[in-house]
Amino acid sequence: MSILLAVILPVFLVIGAGFLAAKRGAISQAGVDGLMRFAQGIAIPCLLFKAMATLDLGQDFDLRIIATFYSGALACFLVGVLAARRLFGRDWEDAVAIGFIALFSNSLLLGLPITERAYGAGSTAANFAIIAIHSPFCYAVGITAMEIARSQGHPPHHIPGKVLRAIFSNALIVGILLGFIVNVTGLPIPTIADEALDLLIRAALPTALFGLGGVISRYRIEGDLPTILFTLSLSLLLHPAIAWGLGSAFSLPPDSFRSVVVTAAMAPGANAYLFAAMYGRAMRVAASCVLLGTALSILTAAGWLALLS
């Protein structure tokens, strides 16, 4: 257990440092927003660009990885929507926002650094394969479902345009697409540009983790506790359990299997709250799930890493 905590705790200590700095006023909320804009708008897109540009698409982009991870994610979304509607009595729009919380695990800011610390930088190819389509897949599912729920019987002809605008206005997706273009065309990255990219990449995850702590310092856990705990059980327990079962059935290689299970076991990402805020639905549940889920994942991630060992 001490080894597992040595893997996990540094990640959460950086998040905790950001949380305390924001809470005590050492960094303003405007400063936190600036950090996150730099991390999510510049540094992490550079990280994803470089990862996609150098990814072996034939070997690392294994369809079994995609099927394993996203089958579990979609199952959690459907269970979350139906449980929110039937078990907790929420309307369909709230139910979709709650399902999105279970769908959008924090694959980038938690899954990637924990996998890297646990198994080494060379073991994260499957992580990048998952991350490459994570935002497009999740937003396509979430926005489509929400717009159908909001259309109330009217022809939902506007849905494809909304989905495409949301996807292609995301800097992370732009970075992934540009990296993919460089990969398939074989365009060389000039040495000077490559070294500059590496400088930005080294800042990406630490800055994002510190900023994430500052972001979640704004939230409070309040009300709707049964809904929150049920939704977190989907993210932290059901999704990795499905990933484990399907990964075993598909005979994934060990590195890919570990990456898929660890990524599936991560808490809901901040995008779960952003999606809820975009529609003004289930925002309290989303904020509480991001905050409590991030804290609980210290224990649940240690548990899944112990099983994987």
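Residues of region 260-286 that are of a type outside the set (Val, Ile, Thr), farther than 18 Å from Ile143 by Cβ and in contact with an Asp or Glu (Cβ under 9 Å, 6 or more places away or on another chain): Arg284 alone. Screening Leu238, Leu291, Leu296 for residues that are farther than 17 Å from Leu109 by Cβ and either surrounded by 24 or more Cβ atoms within 10 Å (Cβ to Cβ) or in contact (Cβ under 8 Å) with a residue 40 or more places away in the chain (or both) leaves exactly one candidate, Leu238. Among the residues of region 9-67, count how many are of a type in the set (Ser, Thr, Tyr) and farther than 12 Å from Val215 by Cα. Here the count works out to 1. In summary, Glu116 fulfils each of the numbered conditions (1) farther than 22 Å from Ala267 by Cβ; (2) free of Cβ contacts under 8 Å to residues at least 60 places away in the same chain; (3) assigned to a helix (DSSP H, G or I) with the single exception of condition (1). Among residues that are out of contact with any Pro (no Cβ under 9 Å at 6 or more places or on another chain), modelled with pLDDT under 95, assigned to a helix (DSSP H, G or I) and of a type in the set (Phe, Trp, Tyr), Phe257 is not included. Checked against the criterion of being more than 28 Å from Ala21 (Cβ to Cβ), in a loop (DSSP other than H, G, I, E, B) and acidic (Asp, Glu), region 195-218 contains not a single residue that satisfies it.
Here is the figure for region 207-235: residues that are surrounded by fewer than 22 Cβ atoms within 10 Å (Cβ to Cβ) and of a type in the set (Gly, Ala, Ser) total 3. The condition (being buried (at least 18 other Cβ atoms within 10 Å of the Cβ) and modelled with pLDDT under 90) is satisfied by just one residue among Asp56, Asp60: Asp60. Part of a helix (DSSP H, G or I) and either within 28 Å of Gly41 (Cβ to Cβ) or more than 13 Å from the chain's Cα centre (by Cα) (or both), is that true of Arg85? When the stated conditions are applied, Arg85 passes them.
Among the candidates Tyr273, Tyr279, the residue that is within 24 Å of Met146 (Cα to Cα) and surrounded by 24 or more Cβ atoms within 10 Å (Cβ to Cβ) is uniquely Tyr273. When Leu232 is tested against (1) modelled with pLDDT under 90; (2) aliphatic (A, V, I, L, M); (3) within 20 Å of the chain's Cα centre (by Cα), just one condition goes unmet, and that condition is (1). Of all residues in region 126-137, those that are modelled with pLDDT under 90 and crowded, with 20+ Cβ neighbours inside 10 Å total 6.
Is it the case, given these coordinates, that Ala264 is touching a His at 6+ places or on another chain (Cβ under 7 Å) and either crowded, with 23+ Cβ neighbours inside 10 Å or under 27 Å from Phe19 (Cα atoms) (or both)? Yes.
The values are calculated or read from the model by the stated rules, or taken from the named source; none is laboratory data. Being a predicted model, the structure only gives us computed values, none of them experimental. In this analysis, Cβ positions are derived from the backbone assuming ideal geometry, glycine residues included, and neighbour counts consider all displayed protein chains.
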